[in-house]
Amino acid sequence: MLWLIRAAAYGLSGLTIWSFFQGDADSSRLSAIHQHLALDSGQGMVFGVCAGISNYTGLDVTIIRLAWVVSAFYKGLGIGLYILAFLLMPMN
């Protein structure tokens, strides 16, 4: 199971690097770099943690939710991290 988490982490970091270097450096792209990580209760299903991370990273919210579900099945780690993220992230 640890190899699955490592593979997901490497894939996510590779996707983040790829999306960072892709495209032109226009003003809308530069303003997206200065976003703050915050809860998005308007688009969220439970507390808005996954939607807030999706808004911050630019990844699809479904990918973020699947990562939370996979991590929840690994010794319940995802549930604890979700609650911790809810407590630490400010409201939008």
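Would you pick out the residues in segment 32-52 that are open to solvent by 40 Å² or more (accessible area, probe 1.4 Å), in contact (Cβ under 8 Å) with a residue 40 or more places away in the chain and either part of a helix (DSSP H, G or I) or over 25 Å from GLY14 (Cα atoms) (or both)?
Answer for segment 32-52, where residues must be open to solvent by 40 Å² or more (accessible area, probe 1.4 Å), in contact (Cβ under 8 Å) with a residue 40 or more places away in the chain and either part of a helix (DSSP H, G or I) or over 25 Å from GLY14 (Cα atoms) (or both): SER41, GLY42.
Report yes if some residue within segment 66-73 is surrounded by 15 or more Cβ atoms within 10 Å (Cβ to Cβ), touching a Gly at 6+ places or on another chain (Cβ under 7 Å) and small (Gly, Ala, Ser); otherwise report no.
yes
Does any residue in segment 53-79 that is within 16 Å of ILE17 (Cα to Cα) come within less than 7 Å, Cβ to Cβ, of a residue that is in a loop (DSSP other than H, G, I, E, B) and of a type in the set (S, T, N, Q) six or more places away or on a different chain, and which pairs are these?
TYR56/GLN35
The values are calculated or read from the model by the stated rules, or taken from the named source; none is laboratory data. Quick caveat, the model's predicted, so the values are computed rather than measured. Because the Cβ atoms are built from the backbone with ideal geometry, glycine has one as well, and the counts that use them run over all protein chains shown. What goes into the accessible areas is simple: the full protein's heavy atoms, side chains included, and nothing from ligands, DNA or RNA. Shrake-Rupley method; radii C 1.70, N 1.55, O 1.52, S 1.80 Å.
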